[in-house]
Each structure stands twice: as C-alpha cells, then as structure tokens.
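The structure appears right after this line, and notes come after that.
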Amino acid sequence: VKADVNRTYALATEPQPDLSAWKDNILIWETARPYFYMRTTAEGRIIAGGHDEDNPKPLNSESERRKRTDKLYDRIKEHFPLFTGRLEYDWTAVFGESRDNLPFIGEDPKWPGVYYCLGYGGNGTVYSMIAANLLLNLIRGEEHPISHIVRLDRPSLESV
C-alpha cells in the first residue's frame, strides 16, 4: 500500500456582520493533531476544517457529520467568541495521501499514455500547479526536473 485514505471535515458559516476582531483576515492553521484551520472569504464567511480521522470510509450519516462539524464550529467560537454567524454549510470527504507525503504525478508505468495526479493530502493547491507543469512536459515528451521524485513507481515507497 502506497497511500493512506482518511476522512476530513469542513464548514462554512453564514457571512459574519463584523470581522474586525480577525487581524488582517489571516489564515489560522493549528498543526496539533488533529489539525484545525480557518480562514475568511471575501463575503465575510468563515471556512474551517480539519479534525481528520484515520478512516477510509465515507461518512453518510448527516447527524454523525454534524457532530464533527459542530466541533469545528466550536473551535471558531473559542477563537472569536463574539462572532454570531451560524454554521451554514458543512461537508465531509475522504482523501488520500502518500506514505512519503509527496504526491503521485506522472505516467502510469503499466499503461502508457495514462497520467495521474494523486495523493495530495491537504496540499492540493500547491501540488496541482506542480502537476500541471510536470504533466505538460511529460505529454510533450520533455523531461521535468522533479518527475523522478514524484513518479508513481518511485523506489522510496518500498521502504516506507
């Protein structure tokens, strides 16, 4: 097995009437386990997420999902007790992350002409941009300086 599949949670509040307590609307990311992050949107919502679980099965129960996203909402209130915007949207998903914390980007070694971008974990924004450039090079038949590091059959995974 080259990857772990986990379950994560996220929410969006309704627009907050006043975000002035949130200094410069910076991203807040707590790296404790389970991790937690929150940020604001242009319309004044708060997006929060984290509290991942080591469980590869999707959570289909609305009440079970809500128990977990209510905890995320409580974390927002711990940081900003005066915020009044209620939780408006919440969701859960499963995601994969590689055992060596690098994505899988490249051509399938057993199926020429098929390319993958997988195993980003929580780094999809960064890795998808890297993947776009890397895959363009590979499809054109050109080398890319990191293709050997993120290839699907990289040897470093055998020892992880």
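Whenever a residue of the stretch 126-147 is of a type in the set (Asp, Glu), its partners that are open to solvent by less than 90 Å² (accessible area, probe 1.4 Å) and not in a loop (DSSP other than H, G, I, E, B), lying with C-beta atoms within less than 7 angstrom and at least six residues away or across chains, give the pairs GLU143/ASN137. The residue list LEU72, LEU118 contains one member that is within 19 Å of GLU53 (Cβ to Cβ) and touching a residue at least 40 places away in the same chain (Cβ under 8 Å), which is LEU72. So is LEU134 over 22 Å from ASP4 (Cα atoms), surrounded by 11 or more Cβ atoms within 10 Å (Cβ to Cβ) and not charged (D, E, K, R) or not? Answer is yes for this residue. May I ask you to verify whether LEU157 is closer than 27 Å to ARG7 by Cβ, open to solvent by less than 40 Å² (accessible area, probe 1.4 Å), modelled with pLDDT under 90 and not in a loop (DSSP other than H, G, I, E, B)? Yes; evaluated as a whole, the condition is true for this residue.
The values are calculated or read from the model by the stated rules, or taken from the named source; none is laboratory data. As the structure is a computational prediction, the values presented were derived from the model and not from experiment. Using ideal geometry, Cβ is built from the backbone for each residue, glycine included, and neighbour counts are taken over all protein chains shown. Accessible surface areas use protein heavy atoms only, side chains included; no ligands, DNA or RNA. Shrake-Rupley method; radii C 1.70, N 1.55, O 1.52, S 1.80 Å.
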